[in-house]
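The values are calculated or read from the model by the stated rules, or taken from the named source; none is laboratory data. These numbers come from a predicted model, not from an experiment. Methodologically, a virtual Cβ is constructed for each residue, glycine included, from the backbone with ideal geometry; neighbour enumeration extends over all protein chains shown. Please note that ligands, DNA and RNA were not included when accessible areas were found on the heavy atoms of the full protein model with its side chains. Shrake-Rupley method; radii C 1.70, N 1.55, O 1.52, S 1.80 Å.
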Amino acid sequence: MDLGIKGKTALVLGASQGLGEAIARKLAEEGADLVLAARNEEALQANAQNLSREFGTKATAVSVDLSDPAAVATFAARVRNEFQPDMHVANAGGPPPSVSTGVAPEVWQKSAQMLLFSIIQVIEAAAEPMKAKGWGRILAIGSSGVIQPIPNLAVSNTIRGAVAGFCKTLSAEVAGSGITVNMILPGKIDTARVGQLDTARAGREGKTLEQVRSEIAASLPIKRYGKPEEFAAVAAFLLSEPAGYVTGQMTRVDGGMIRSI
Ligand SMILES: NC(=O)c1ccc[n+]([C@@H]2O[C@H](COP(=O)([O-])OP(=O)(O)OC[C@H]3O[C@@H](n4cnc5c(N)ncnc54)[C@H](OP(=O)(O)O)[C@@H]3O)[C@@H](O)[C@H]2O)c1
């Protein structure tokens with residue numbers, strides 16, 4: 001299937017590793033130009049160079065800390081005036097694991113700044129030039145926890161629900177301008193973030209990492225972790241031309257992990 005995104009520009013946040021990096025790679029393979037953002041400039045530059053070399057696309061690396069409001073204001077202005085993406089992947093790091101109570105106010109604040117307020121600010125900046133062009137795709141990476149809260153990930157469960165409310169509201173407001181707004185919900189896709197969470201769980205439960213990983217895999221209907229490229233393929237479709245009639249949706253890529261209909 002032709003995704004119809006050759007020559008279009010995608011702004012991918014969290015593109016230095018993990019799911020963001022995998023989506024950037026898939027979009028480059030489909031001929032899109034890229035603006036890759038995260039904090040680690042060295043990793044971003046390496047990814048940009050590799051993608052340009054392998055796929056002949058234009059890839060720019062931009063370092064930004066999404067938990068820093070001043071840096072995000074500058075970045076958002078560049079998104080609106082300079083990058084003017086056709087597609088935007090709203091993504092950032094995951095908050096630290098914890099139960100719901102006893103979380104330090106600074107953790108709530110920093111996580112909400114990164115995962116909610118900055119995400120909103122950048123989405124808004126990206127949506128403006130999309131409106132002028134009459135075409136755009138916005139895709140926010142959430143978590144299975146939006147639908148089925150994950151034990152010991154209270155901060156993530158809480159903040160991502162707010163992102164879902166924002167995306168659904170925005171989707172109706174911009175649908176008439178040719179812009180779709182969707183969320184994609186990973187379950188257990190094998191990335192560094194999932195490795196960190198599994199390691200923390202192994203420590204809490206006095207088990208080895210291998211034990212924890214095989215228990216988790218056995219608990220999933222599909223009996224294995226997902227691959228970043230499997231996740232990226234679904235994301236690329238949601239960002240594509242043929243997905244133009246899909247908006248305001250949350251798409252699960254979780255191997256059946258969420259048990260509800
Ligand atoms: N993998 C899964 O199955 C899964 C499941 C549920 C939810 N999620 C969520 O989906 C998102 C992506 O997951 P992942 O597995 O790809 O995680 P990851 O491997 O930890 O990657 C996170 C990305 O976000 C960037 N980032 C972190 N903090 C940032 C900050 N303050 N400012 C700017 N960029 C920042 C990181 O780059 P730098 O360090 O260079 O900034 C990295 O590129 C995370 O929010 C994660 O919690 C993932």
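Counting pairs on different chains as well as pairs 8 or more places apart, how many Lys pairs in the chain have Cα atoms under 20 Å apart? Total qualifying Lys-Lys pairs in the chain comes to 16. When the charge dipole of the chain is built from unit charges on Cβ atoms (+1 for Lys and Arg, -1 for Asp and Glu) and taken about the Cα centre, the candidate among I138, V35, T199 whose Cα reaches farthest toward its positive end is T199. Against the empirical 2.2 N^0.38 Å (N residues), region 40-134 has a Cα radius of gyration ratio of 1.27. Extension gain, W108-M1: 0.36 nm per intervening residue step, less the Cα-Cα distance, totals 34.3 nm.
For I159, I261, the ranking by accessible surface with the largest value first comes to I261, I159, using a 1.4 Å probe.
Cα convex hull, the chain: 128 Å³ per residue, rounded to a whole number. Dipole size of region 104-245 about its Cα centre, with +1 on Lys/Arg Cβ and -1 on Asp/Glu Cβ: approximately 200 debye, rounded to the nearest 20. Legend: P(r) of region 1-80 from all alpha carbon pair distances, 10 Å bins from 0, whole percents, reading 21, 51, 24, 4, 0.
Placing +1 on the Cβ of every Lys and Arg and -1 on the Cβ of every Asp and Glu, with no other charges, gives region 1-46 a dipole of roughly 100 debye about its Cα centre. Based on protein heavy atoms only, the chain ends up with 45 Å² per residue of surface accessible to a 1.4 Å probe. For the chain, the Cβ-based charge dipole about the Cα centre amounts to some 460 debye (Lys, Arg positive; Asp, Glu negative; other atoms uncharged). If R0 is taken as 41 Å, the Cβ-Cβ distance between E42 and E173 corresponds to a FRET efficiency of 0.60.
The mean of 1/r over all distinct Cα pairs in region 208-256, once inverted, gives the Kirkwood hydrodynamic radius of 12.7 Å.
Accessible surface of region 29-92, 1.4 Å probe: 40 percent of it comes from carbon and sulfur atoms. With a bin width of 5 angstrom, please list the P(r) values of region 121-163 as percents of all Cα-Cα pairs, from the 0 bin to the one holding the largest distance. Histogram of Cα-Cα distances, whole percents per bin: 5, 20, 22, 13, 13, 13, 9, 4, 1. Here the calculated FRET efficiency for T101 and R80, from their Cβ-Cβ distance with R0 = 45 Å, stands at 0.70, rounded to the nearest 0.05. The string of couplings for region 117-125 from the Karplus curve (6.51, -1.76, 1.60, θ = phi - 60°) is 5, 5, 4, 4, 4, 6, 4, 4, 5 Hz, one whole number per residue in order, with x for Gly and Pro.
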